[in-house]
Amino acid sequence: METLGQYQKIVLLTSCVISLARETASRQLRCPGRLLQMALTLSERICETKECLAAVAGSWYSLSQQVFSFVLSDDFLSGKQALDETVMSLTGTVQLAGDIASMACSKGNPISLSVWESFLQVQAKFSCAQMNTKVLLEKAASLEGSCRVGRAILELRCVQWAISMHILLGAVDQFIGRDVLFLRELRSAVKNKLCSQSLLAAVSENSLRLQEAAQLSYLSCPEDCGRSEILALREEIKVLVEALLDASNTLLVSPLSTASLYIRFELLQRDLALRAKALLLHLEKVNTEHLQVIRDVVGPALSPLSQEDRERRKEAFEEKASQLMASVQGVKTTLQDILEASAQLQSQANLLSIADHLLVLTSDAVGSARQLLESHHVKGNLHLDSIVWYWSAKAHYLVTQLQAVQGINEHNLQLMRRHLQNARDQCSPRQHKSTAKLFPAQELDGLSHAKSAETCPSRSRRGSGAAREAHEMLLSPQHQNSPPRIALASSPAKHETENSDTGQGDPSKMSQVTKDMATRMLHMTQFLRKKGPITSKDQLVACARQMASDGQVFVKFGRIVAKHCLDKRCSTELLCAAEQTHTISSQLSIVARVKAVTAESKSSSELLVSNAQNLIQAVWHVLKAAEAACIKGLQKPPPDSEEEEVAAFCTHWRKTLLWHRAKESLNSDRDELGLRKTQTRAEPTLTAMVQEQSPQTKYTPKHPKPIKGHTTMDSRL
């Protein structure tokens with residue numbers, strides 16, 4: 001910083017050298033050696049400054065040097081591609097920041113003005129970075145062979161470009177604000193190769209708490225409060241955290257990691273942090289009341305305070321913490337008394353477990369805050385931020401569940417609501433005393449680690465059995481023995497002319513997409529065993545992206561059927577299944593995008609296959625829910641529309657099912673010998689749209705050899 005602060009000397013030396021050079025050219029310089037001396041001084045100062053700028057820019061400078069070497073080796077296109085890819089990634093980051101700023105302003109947030117001003121800074125820095133990229137490419141394109149001056153100018157342009165990118169990401173960090181997931185500390189630790197497993201575990205646990213808070217908020221908030229956005233952000237964060245932890249491990253064990261890999265890691269970290277910020281804006285709106293309650297207690301521990309202020313606030317903190325513990329204990333005690341007094345409410349025992357968990361979270365939050373106020377050690381703050389968000393979501397969820405229970409009188413309901421608002425007049429000294437020593441920190445840590453292990457199983461097992469499950473869902477014997485698949489007719493009239501038992505004709509879009517998904521699932525799992533037509537990472541990513549696109553076909557189908565279903569309950573269930581499929585399809589697309597820009601590894605390939613498997617399961621649930629909706633009946637859609645075609649397809653299947661049941665009722669349940677039949681013909685189902693394997697899958701070995709970490713798959717697969 002001392003060297004960079006003396007940049008004005010370069011300006012003065014430059015003017016001096018130019019002036020001396022002019023005097024030399026006109027033969028007016030009395031001391032010729034002075035020009036050489038000043039030129040050497042300027043050169044040394046430029047080199048020192050460039051080295052300092054390179055140290056500040058870090059991996060961005062290394063990437064710029066790669067571009068510089070490409071240009072010097074007459075490979076301009078490779079250098080341009082590296083710059084274009086980086087700017088494209090940053091464009092998406094800035095656009096996401098803009099969406100978050102717009103959302104913050106639209107929600108009437110009191111801090112929206114500062115958020116918008118911070119985004120304007122990001123926008124300005126991005127424009128500067130784009131301009132530097134353009135200038136660098138122009139200089140690189142106009143470089144002439146071995147021109148030393150041109151090379152020197154180009155090298156300095158590379159430094160300028162790297163610094164502008166570093167400054168841009170600094171502005172993004174300022175926009176992100178509070179780092180709930182501790183991603184900046186992770187980035188610094190990975191950069192210095194000093195990342196401990198405890199830090200990786202802390203990042204994972206914080207993300208799990210945030211995901212759980214999102215799930216509870218999704219269940220608590222009404223339809224018009226961004227429910228779908230909360231669920232989508234939750235799934236995206238889940239995927240990005242796993243990708244970031246994978247990249248961290250790769251960088252830690254790699255002795256000579258490339259600059260491009262570090263750049264991707266940095267961009268991935270900002271992408272995750274921005275999505276976390278967007279999610280927190282939604283959670284703050286949904287859980288405002290209870291977020292204020294917990295912040296009022298532990299807020300001083302999260303704020304930077306001097307030693308004097310910390311000592312002064314300790315006493316107030318202890319009083320508020322004891323009050324909050326007694327309040328939550330009061331909720332549990334009241335709820336327990338209500339459940340014991342009423343036999344009708346025995347089925348609501350899960351509410352008591354929610355209250356128990358809330359008490360655990362309260363104790364954990366109070367303990368972490370107390371540790372911070374006493375020592376102000378950074379490590380004590382690794383979990384408190386995420387606990388605050390989790391606590392507010394859990395408290396709000398408990399209130400909504402209590403309100404939904406029939407049989408709790410209004411007085412008790414108001415009493416428990418006031419408890420969760422931490423109202424002072426509701427807690428007795430006996431409750432305060434009984435909660436003072438609940439749940440030691442060791443037990444809480446054990447619970448956190450257990451939950452982390454349960455929620456994030458080893459990735460090495462994710463690919464195992466994926467093809468087998470896909471086979472069971474889409475190519476099972478039950479489906480193979482079903483009547484011929486029902487084709488989605490091109491017009492309603494075609495349904496009236498076809499025989500309801502055959503359903504022959506051209507494959508419909510739905511059936512073809514289903515068959516394609518099954519085939520791609522097979523090829524992706526074969527890739528894990530180094531077999532099949534997929535031979536490279538790029539082909540695997542392309543296959544996954546196509547599966548994600550196919551999943552949207554079923555999302556659209558489910559939404560149309562749900563829109564016209566006459567039964568509200570079936571419509572709701574189908575709509576939920578369609579939205580879940582949409583989320584998983586988007587998640588698979590994100591995983592594929594991350595996989596496309598990260599180094600190839602077995603664990604990342606297994607993660608991709610695992611997400612594809614989840615998509616197939618979601619599609620299966622959409623089809624099952626669509627069956628129930630079709631049986632209940634559909635209202636007539638608008639004529640000459642895609643909705644009419646879908647409705648005609650579903651109506652035809654329903655007629656086929658009813659015709660099948662009518663024929664079965666006429667058949668005797670005993671054969672010619674008087675013995676009861678043990679097998680009956682399977683009913684036609686929407687999930688039986690794939691009759692047999694695709695021809696491409698016939699080459700699979702009859703008895704494939706098992707490999708480590710995978711099970712031997714069915715020979716029919």
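Using heavy-atom solvent-accessible surface (probe 1.4 Å) with all chains present, what is the largest-first order of Y7, Y390?
Working: Y7 125, Y390 10 Å².
Solvent-accessible surface, decreasing: Y7, Y390.
Provide the per-residue ³J(HN,Hα) series for region 73-89, in order, calculated from phi with Karplus coefficients 6.51, -1.76, 1.60 and θ = phi - 60°, each as a whole number of Hz, with x at glycine and proline positions.
Per-residue couplings from phi come out as 8, 6, 10, 4, 5, 5, x, 5, 5, 4, 5, 4, 5, 5, 5, 5, 4 Hz.
Taking 0.36 nm per residue of separation and subtracting the Cα-Cα distance, what length does fully extending T91 through T258 add?
Contour length minus Cα-Cα distance gives 57.9 nm.
How big is the dipole moment of region 204-302 about its Cα centre under a simple scheme where the beta carbon of each Lys and Arg is +1, that of each Asp and Glu is -1, and everything else is neutral? Debye, nearest 20, please.
On the way: 10 positive and 14 negative charges, 43 e Å.
Value, rounded to 20: 200 debye.
Quick one: what are the phi-derived ³J(HN,Hα) couplings along region 559-575, Karplus 6.51/-1.76/1.60 with θ = phi - 60°, whole Hz, x for glycine and proline?
Karplus-based 3J(HN,Hα) across region 559-575 equals 5, 5, 5, 5, 5, 9, 5, 7, 9, 5, 5, 5, 5, 5, 5, 5, 5 Hz.
Over region 26-183, average the accessible area per residue using a 1.4 Å probe and give it in Å², no decimals.
55
Among T41, S62, S114, which residue has its Cα furthest toward the positive end of the charge dipole of region 1-131, with +1 on Lys/Arg Cβ and -1 on Asp/Glu Cβ?
The one lying farthest along the dipole's positive direction is T41.
State the percentage of accessible surface on region 1-98 attributable to carbon and sulfur atoms; use a 1.4 Å probe and exclude ligands, DNA and RNA.
It is 58 percent, rounded to a whole number.
Structure shown: which of K238/K632; K285/K624; K125/K537; K556/K602; K515/K595; K139/K595 lie over 28 Å apart, alpha-carbon to alpha-carbon?
K238/K632; K285/K624; K125/K537; K556/K602; K139/K595
Share of region 515-605's accessible area from carbon and sulfur, percent, 1.4 Å?
C and S fraction of accessible area: 53 percent.
Could you work out how far apart the two model spin labels at A25 and K632 are, taking each label as a point 7 Å from the Cα in the direction of the beta carbon, and quote it in nm?
Going by the 7 Å Cα→Cβ label model, 8.6 nm.
Per-residue counts of other Cβ atoms within 10 Å, averaged by peptide: what ranking do you get for 241-247, 546-552, 19-25, highest first? Mind showing how you got there, number by number?
On the way: 241-247: 22.1, 546-552: 19.1, 19-25: 13.7.
Put in order of decreasing packing, that is 241-247, 546-552, 19-25.
The values are calculated or read from the model by the stated rules, or taken from the named source; none is laboratory data. Keep in mind that this is a model prediction, so the values were computed, not measured. Glycine gets a Cβ as well: all are built from the backbone with ideal geometry, and neighbour counts include every protein chain shown. Note: accessible area is taken over every heavy atom of the protein model, side chains too, but ligands, DNA and RNA are not part of it. Shrake-Rupley method; radii C 1.70, N 1.55, O 1.52, S 1.80 Å.
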